[in-house]
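Engineer: Structure in structure tokens, see below.
The values are calculated or read from the model by the stated rules, or taken from the named source; none is laboratory data. If you're wondering where the values come from, they're calculated on a predicted model, not measured in any experiment. FYI the Cβ positions are ideal-geometry reconstructions off the backbone, even for glycines, and counts take in every protein chain you see.
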Amino acid sequence: MFVTGNPICGASATSGIKIRNREKARAFRKTPWPRPNSTISFSERLRMNIEQAKAVPISLILDNLNIKPQRIAGKDYYYLSPIRNEKTASFHLNTATNEWYDHGLGIGGDIIKFAQKRLEYLKADCTVSDALRYIASMSGHGRIKIPSVIRQQPEPEGEKNLVIKELQAIKDDGLIDYLGDRAIPILLAQKYLREAVIYNRKSRRHFVALAFPSGEDGGYELRNRYFKGCIGKKDITVIRGKQDKPDGFHVFEGWPDFLSAVADAEGWQFDEDTYVLNSLSLLDRPTPYIKGYGYRTAFTWLDNDAAGNAAQKSLAEFFKAEDALIHYPMNEFYLPHKDVNDWRVHRVVQVKKEPQ
């Protein structure tokens, strides 16, 4: 899961779109955090959680991360390292002892140490408490459930025949016209997208596409007027807010919807964190970032169709388990349009038709 180097900051998430109960939400943000009512000490709860965490197979977490063993020899599994970039599998897992060792780094340990190193690699907080939360999330306990209507869809894969030859500022006239048709300002697009010169090894031809970064391994979502795909492992994009500890976050299916929403925010920026799924099949990927983090508001910007509605219901159920988290489904504000981008295109066209 990629944490972009371009922080989102500045305006309220809802500039340009009215939210009901805004005053109630503001008042809520000023209320103190609820305190757990328990006679068990924190250290006792922590020890219990550590014992439970050590019973979770590391292989289960790796499988949920879609990281498959490259070689198996009895109880010894060898993976491409999940805590650094490499091309030769040197991450060794003993499934009998549930201990790991990364030969490239010369370090290893138990599942707690693994979770801390994984979080450190993702540039996230990596205390023991953070590690326990991550293990609980990634082992399937309290994860976001992917609805059957989405699971039935084929899982998207990276284009193996495509190679990015160059990344540069957007200057191709065709791409600029495409952005204009999607009502996305070019200056806004330059902030989050790049122009990719791509070589197709099968057809032996070059073409250009808009590139949106995804995942921690250098993947990109690619799109132009005639093509939609990706390079690298399909993953979500995480865009951190300006604040170190933001109280809210947004969920979008794809970058056109994200750019359409942020275009209506003052300064083209959000204070809150943003999770762009890049595919509804990755609906559960933000789980370790959201679960137990302490967010107070969640804004979901999903499509007004069967898959989008099912995804929103699944997120709503997951959010109910998070203490003091208020969910704002934004899709009702861009009805009857299918998604945020359709809504924005319609608004821009209407403005152009109005007499000056």
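Engineer: So if I check each of Ala115, Ala124, which one is closer than 27 Å to Ile239 by Cβ, assigned to a helix (DSSP H, G or I) and modelled with pLDDT of 80 or more? Spell out the reasoning first.
Structural biologist: Working: Ala124 fails: assigned to a helix (DSSP H, G or I).
Unique residue meeting the criteria: Ala115.
Engineer: Within the stretch 320-345, restricting attention to residues that are closer than 17 Å to Leu280 by Cα and of a type outside the set (Val, Ile, Thr), which residue is farthest from the chain's Cα centre (by Cα)?
Structural biologist: Across the stretch 320-345, the extreme among qualifying residues is Lys338.
Engineer: Kindly indicate whether Ile164 is touching a residue at least 12 places away in the same chain (Cβ under 8 Å), closer than 30 Å to Ile58 by Cβ and either buried (at least 21 other Cβ atoms within 10 Å of the Cβ) or among the aliphatic types (A, V, I, L, M) (or both).
Structural biologist: In short, no.
Engineer: Turning to a different aspect of this structure: Within the stretch 239-272, restricting attention to residues that are in a strand (DSSP E or B) and among the small types (Gly, Ala, Ser), which residue is modelled with the lowest pLDDT?
Structural biologist: By that ranking, first place goes to Gly241.
Engineer: I would also like to ask the following. Of all the residues that make up the stretch 55-78, how many are more than 16 Å from Leu122 (Cβ to Cβ) and in contact with a helix residue (DSSP H, G or I) (Cβ under 6 Å, 6 or more places away or on another chain)?
Structural biologist: Residues meeting the conditions: 2.
Engineer: Hey, among Glu216, Glu221, which residue is assigned to a loop (DSSP other than H, G, I, E, B), within 19 Å of the chain's Cα centre (by Cα) and among the charged types (D, E, K, R)? Before you say what the answer is, go through the steps one by one.
Structural biologist: Working: Glu221 fails: assigned to a loop (DSSP other than H, G, I, E, B).
Going through Glu216, Glu221 in turn, the sole match is Glu216.
Engineer: Of all residues in the stretch 221-237 being surrounded by fewer than 24 Cβ atoms within 10 Å (Cβ to Cβ) and among the β-branched types (Val, Ile, Thr), which is farthest from Tyr293 (Cα to Cα)?
Structural biologist: The qualifying residue farthest from Tyr293 (Cα to Cα) is Ile231.
Engineer: Going through Asn304, Asn309, Asn278 one at a time, which residue ends up being in contact with a Cys (Cβ under 9 Å, 6 or more places away or on another chain), within 29 Å of Arg151 (Cβ to Cβ) and among the polar types (S, T, N, Q)? I'd like the intermediate steps shown before the answer.
Structural biologist: Working: Asn304 fails: in contact with a Cys (Cβ under 9 Å, 6 or more places away or on another chain); Asn309 fails: in contact with a Cys (Cβ under 9 Å, 6 or more places away or on another chain).
Step by step, each of Asn304, Asn309, Asn278 is checked, and only Asn278 is in contact with a Cys (Cβ under 9 Å, 6 or more places away or on another chain), within 29 Å of Arg151 (Cβ to Cβ) and among the polar types (S, T, N, Q).
Engineer: I would also like to ask the following. Say we look at the stretch 167-211 and pick out the residues that are of a type in the set (Ser, Thr, Tyr) and surrounded by 14 or more Cβ atoms within 10 Å (Cβ to Cβ); which of these is farthest from Asn341 (Cα to Cα)? Talk me through it step by step, then tell me what you get.
Structural biologist: Here is the first cut: in the stretch 167-211, the residues of a type in the set (Ser, Thr, Tyr) are 178, 192, 199, 203.
Among the residues that remain, those that are also surrounded by 14 or more Cβ atoms within 10 Å (Cβ to Cβ) are: 178, 192, 199.
Numbers: Tyr178: 13, Tyr192: 16, Tyr199: 29 Å.
Here the answer is Tyr199.
Engineer: Is it true that Thr300 is farther than 21 Å from Asp264 by Cβ, touching a helix residue (DSSP H, G or I) at 6+ places or on another chain (Cβ under 8 Å), buried (at least 17 other Cβ atoms within 10 Å of the Cβ) and of a type in the set (S, T, N, Q)?
Structural biologist: Numbers: farther than 21 Å from Asp264 by Cβ: no; touching a helix residue (DSSP H, G or I) at 6+ places or on another chain (Cβ under 8 Å): yes; buried (at least 17 other Cβ atoms within 10 Å of the Cβ): yes; of a type in the set (S, T, N, Q): yes.
In short, no.
Engineer: Then there's this: Would you confirm whether or not the stretch 146-154 contains a residue that is exposed (fewer than 13 other Cβ atoms within 10 Å of the Cβ), out of contact with any Lys or Arg (no Cβ under 6 Å at 6 or more places or on another chain) and modelled with pLDDT of 80 or more?
Structural biologist: no
Results for (1) out of contact with any Phe, Trp or Tyr (no Cβ under 9 Å at 6 or more places or on another chain); (2) of a type outside the set (D, E, K, R), shown as yes or no for each residue.
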residue: Gly248; (1), (2): no, yes
residue: Arg296; (1), (2): no, no
residue: Pro329; (1), (2): no, yes
residue: Val340; (1), (2): no, yes
residue: Val348; (1), (2): yes, yes
residue: Lys352; (1), (2): yes, no
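Here is a yes/no grid of residues against (1) surrounded by 16 or more Cβ atoms within 10 Å (Cβ to Cβ); (2) in contact with a Leu (Cβ under 9 Å, 6 or more places away or on another chain); (3) closer than 15 Å to Leu60 by Cβ:
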residue	(1), (2), (3)
Tyr78	yes, yes, no
Arg84	no, yes, no
Lys87	no, yes, no
Asn94	no, no, yes
Trp100	yes, yes, yes
Leu105	no, no, no
Arg118	yes, yes, yes
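Engineer: Next up: State yes or no: is Ile50 farther than 30 Å from Asp305 by Cβ, surrounded by 12 or more Cβ atoms within 10 Å (Cβ to Cβ), hydrophobic (A, V, I, L, M, F, W, C) and at pLDDT below 90?
Structural biologist: yes
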